[in-house]
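This report concerns only the one structure given below.
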Amino acid sequence: MNDLDPLASFASLLTGRGRALLDEVRDTEPAQELAVATRLRREYPVGLVSAALGQARLRQRAVVKFGAADAGRMYFTPNGVEQSTRASVAAYRARRFQELGVRSVADLCCGIGGDAIALARAGIRVLAVDRDPLTAAVARANAEALGLGELIEVREADVTEVATDAYDAVFVDPARRGGRGRVFDPEAYSPPLSWAMRTALEAPLAALKIAPGIPHETVPAEAGAEWISDSGDVKEAVLWFGTGGTGHGGAGSVCATLLPGPRTLVGRGLPDPQVRPLGRYLYEPDGAVVRAHLVAEVAEELDGGGLIDETIAYITADSLKATPYATAYEITDQLPFGVKKLKALLRERGVGVLTVKKRGSAVEPEELRRKVKPQGPNSATVFLTRVKGAPTMLLGHPAPA
């Protein structure tokens, strides 16, 4: 085995001896690696030990995305862990394909196979394509490790040269990272976003995964745009093509989907809410709602809901009303921005646990927390924001569910 050849190094992990070594190092903590490596090198080749410990480290990192059961059986590359879709998001999208009657998907730029796995588990046949030999080998190993080899065909190829006519749908996830980190120019994606758009438009049905920061004006009229969050964190945006209708995923539609759930809010083209005086309650819309520009749809659900500032995505209202699309806080104090004033108020209230949130403020939460030095048995939330253009601090706490 050539220690400098990543493909050969990975192949060694798929042997019986490699799998046995992976089981042995499964729970190795970072602080133990040196001692464990020294001991194992007496019995195993140096390169195999290094590969197994590296893979164990990647599996530990992947638990947050794939869960302990799958991550403990799967294989990863460093980029694969970083760029792969969270399993909950991939499973949601696979169900969407299933609901749309899709039975086969060409997964272009499949990476280590996270989306292909979710699609196969939904009973969909998948062609998974990636041009990188190591990445394709890892995707193939993952399909076998999870018992999905019969539904997933992994092909090492340039996606721009692969015919997809035989498949009901296409899923494209262009690589948005290069050798120097994240790529912000869509035409520098691999493959370029323009190619991905053309491919999606030519397919009978397609989903194109994009960065959640995509400007709305760049979304083609033929696509429906969906922003997806998981447990409050925005994970991605998806452009859907060929789904039919004008609702969820239909041409020209905009929606926000919150996981778990799922709960989907579809835009109705409402005008921006009016700015109104601060009420008793402040609503913080989910990040997917904000990215999808659907704050007005949430405000309309609330009694007298309006914005605290025309440029800030915080909604205020006088009464409490449940909504899955925003978190409600009861506001107890409104102060002009000032660290001394906040510090005095927190001391008076005995606040030792302080949650700092901000929109429209340049102050960093950790910096503020260091300056006010909260102490005491109580907890509170402070919002650093603007109210009708004025830098403001709002103190409160989460409203009852």
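For the chain, the solvent-accessible area with a 1.4 angstrom probe is 47 square angstrom per residue.
Rounded to the nearest 10 square angstrom, TYR281 shows an accessible area of 20 square angstrom against a 1.4 Å probe.
What is the mean projected area of the alpha carbon convex hull for the chain, to one decimal in square nanometres? Can you show the working numbers first?
Values: hull surface 90.6 nm².
Result: 22.7 nm².
Modelled this way, with points 7 Å down the Cα-to-C-beta line, the labels at THR218 and LEU34 are 4.5 nm from one another. What the phi angles of the stretch 270-280 give under the Karplus curve with 6.51, -1.76 and 1.60, with θ = phi - 60°, is a coupling list of 6, x, 4, x, 6, 7, 9, x, 4, x, 5 Hz, glycine and proline written as x.
Residue-wise HN-Hα couplings along the stretch 85-95, as the Karplus relation 6.51 cos²θ - 1.76 cosθ + 1.60 with θ = phi - 60° gives them from phi, are 6, 4, 4, 5, 6, 4, 5, 4, 5, 4, 5 Hz; Gly and Pro carry x.
A straight Cα-to-Cα reach below 19 Å connects LYS341 with the lysines LYS357, LYS358, LYS371, LYS373, residues fewer than 8 places away in its own chain not being considered.
Note on CYS110: accessible area approximately 10 square angstrom, rounded to 10, probe 1.4 Å, nucleic acids and ligands left out.
Close amide H pairs (under 5 Å, H built 1.01 Å from N) link GLU236 with ILE228, residues at least 5 positions away or on another chain. Full extension of the chain segment joining SER104 with GLU144 gains 12.5 nm, where the gain is 0.36 nm per residue of separation less the Cα-Cα distance.
Taking other residues whose beta carbon is less than 12 angstrom from the beta carbon of ASN378, and scoring Lys, Arg as +1 and Asp, Glu as -1, yields +1. Residues within the reach of a label modelled at GLN274 (point 7 angstrom out along Cα to beta-carbon, backbone nitrogen below 16 Å), restricted to the stretch 365-399, are 388. Between amide H atoms placed 1.01 Å from N, distances below 5 Å from ALA175 occur with SER190, all of them 5 or more places distant or on a separate chain.
Based on alpha-carbon centroids, what's the gap between the stretch 357-401 and the stretch 14-33 in Å, whole number please? Value for the Cα centre distance between the two parts: 45 Å. Helical runs assigned H by DSSP (4 residues or longer) give the chain a calculated mean residue ellipticity at 222 nm of -10000 deg cm²/dmol, each run adding -39500 (n - 2.57) before division by the residue total. Site pair GLU330 and GLU300 shows an inter-label distance of 3.0 nm when each label is modelled 7 Å from Cα along Cα→Cβ. Note on the stretch 254-401: with neighbouring protein chains present and a 1.4 Å probe, carbon and sulfur make up 51 percent of its accessible heavy-atom surface.
Among ARG42, ARG125, the sequence by solvent-accessible area, most first, with a 1.4 Å probe is ARG42, ARG125.
Within the full protein context, the accessible area of LEU259 is estimated at about 10 Å² for a probe radius of 1.4 Å. In order along the stretch 390-399, the Karplus-derived 3J(HN,Hα) couplings, from 6.51 cos²θ - 1.76 cosθ + 1.60 at θ = phi - 60°, round to 9, x, 9, 10, 10, 10, x, 7, x, 6 Hz, and Gly and Pro are given as x. Of ALA292, ALA94, ALA362, the residue with the greatest mean-square motion in the GNM of the chain, using alpha carbon springs below 10 Å, is ALA362.
The values are calculated or read from the model by the stated rules, or taken from the named source; none is laboratory data. Values in this document were obtained by computation on a predicted structure and should not be read as measured data. Positions of Cβ are backbone-derived with ideal geometry, glycine not excepted, and every protein chain shown enters the neighbour counts. Keep in mind that these areas ignore ligands, DNA and RNA; they rest on the heavy atoms of the full protein, side chains included. Shrake-Rupley method; radii C 1.70, N 1.55, O 1.52, S 1.80 Å.
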